[in-house]
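The values are calculated or read from the model by the stated rules, or taken from the named source; none is laboratory data. Values in this document were obtained by computation on a predicted structure and should not be read as measured data. Don't worry about glycine lacking a Cβ; one is built from the backbone with ideal geometry, like all the others, and counts go over all protein chains shown. All accessible areas refer to the heavy atoms of the entire protein, side chains included, with ligands and DNA or RNA removed. Shrake-Rupley method; radii C 1.70, N 1.55, O 1.52, S 1.80 Å.
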Amino acid sequence: MEIDDIKGRSLPETVLLSIRARNARKAKATPRKRVNGAEIVVASYNVHKCIGTDRRFDPERTARVIREISPDVIALQEADNRFGDRAGLLDLARLEHDTGLVPVPVIGNGKGHGWRGNVLLFKRGSVRDVHQIKLPGLEPRGALVAEIDLDEKRSLRVIAAHLGLLRRSRSEQARVVLDIMSSADERPTLLLGDLNEWRLGNRSALNTLHTTFGPTPPAVPTFPSGLPVLALDRILGNRHDLVSAVEAHDTPLSRVASDHLPLTAFVHL
């Protein structure tokens, strides 16, 4: 179900549509394959501090979901403790051993994995440049910007972000994300993350992003994971043909591992 489908509907109608859409996805579910020349699989996943819908803290379960996805690039949100020393919550060495994913390096993160809870991992290539961006607003939000050389000929810029809960903050944060981009710069760029934006129309922070990342792909509900209704998570590209096959990674494990489902997509370079 696209988020456009729920405009003007009551909550019971929206829930019923979500149930029907999920059943339809299950009925036609097939193993994810690289098709139509798609070169890499990318994903965005709010891991909810590795606390599942059963209220159990289980980092290994979170890692198993990531292994299910088998991404080439993945952005994680809420992968560090929010308070105190902001310690990282995943066993990154074990994850690298099992999947080949390594984190983009950050500085000044203490015991944390990433930047304000944002962790960006990639499977192959090398990191040319990294920027840690503080986003405005009442909450401690941030964005991680990485230039990744996938091989000698192909490079990709990735912006991993987690926007705030307040509408005004999201609009300001979206403008900062756009400031990162140069209008003359046509490098393939992805915006991955929990954008926390379910609104459409003039009040939506997504409108701010349209100049570079629009028109956005169809919205895919990912929250709450047990019965996804809201499209809070996004994978956007600055080229109309860069991102395809955006879908929620909806499995028995992912439904309980976090309050968000992971979002996946194919990227053509």
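Kindly list, by first and then second residue, each pair from a residue in the stretch 38-51 that is on the phi > 0 side of the Ramachandran plot and of a type outside the set (Ser, Thr, Tyr) to a residue that is buried (at least 19 other Cβ atoms within 10 Å of the Cβ) and part of a strand (DSSP E or B), limited to pairs with Cβ atoms under 9 Å and residues at least 6 apart or on different chains. Between residues of the stretch 38-51 that are on the phi > 0 side of the Ramachandran plot and of a type outside the set (Ser, Thr, Tyr) and residues that are buried (at least 19 other Cβ atoms within 10 Å of the Cβ) and part of a strand (DSSP E or B), the close pairs are His48/Gln77; Lys49/Asp80. Please find, within the stretch 112-146, the residue that is nearest to Asp91 (Cα to Cα) out of those that are of a type in the set (D, E, K, R) and touching a residue at least 40 places away in the same chain (Cβ under 8 Å). Within the stretch 112-146, the match that is nearest to Asp91 (Cα to Cα) is Lys123. Here Arg86 fulfils each of the conditions (1) open to solvent by 20 Å² or more (accessible area, probe 1.4 Å); (2) basic (Lys, Arg); (3) part of a helix (DSSP H, G or I) apart from (3). Considering only residues that are open to solvent by less than 10 Å² (accessible area, probe 1.4 Å) and touching a Leu at 6+ places or on another chain (Cβ under 6 Å), look in the stretch 37-62 and name the one that is nearest to Val246 (Cα to Cα). Per the criteria, the residue is Ser44.
In the condition set (1) part of a loop (DSSP other than H, G, I, E, B); (2) surrounded by 21 or more Cβ atoms within 10 Å (Cβ to Cβ), Val65 is compliant with all but (1).
In this entry, Ala93 is excluded by the filter for residues that are open to solvent by less than 40 Å² (accessible area, probe 1.4 Å) and either among the small types (Gly, Ala, Ser) or part of a loop (DSSP other than H, G, I, E, B) (or both).
Here Glu78 does not fit the description of being in contact with an Asp or Glu (Cβ under 9 Å, 6 or more places away or on another chain), charged (D, E, K, R), at pLDDT 90 or above and surrounded by fewer than 21 Cβ atoms within 10 Å (Cβ to Cβ).
Tell me, which strands (runs of 3 or more DSSP E) lie completely within the stretch 158-269 with 1 or more residues that are on the phi < 0 side of the Ramachandran plot and among the small types (Gly, Ala, Ser)?
233-237, 243-248, 263-267
Go through the residues of the stretch 122-143 one by one and say whether even a single one is among the aromatic types (Phe, Trp, Tyr), open to solvent by less than 40 Å² (accessible area, probe 1.4 Å) and within 24 Å of Asp259 (Cα to Cα). So far as the stretch 122-143 goes, yes, one or more of its residues are among the aromatic types (Phe, Trp, Tyr), open to solvent by less than 40 Å² (accessible area, probe 1.4 Å) and within 24 Å of Asp259 (Cα to Cα).
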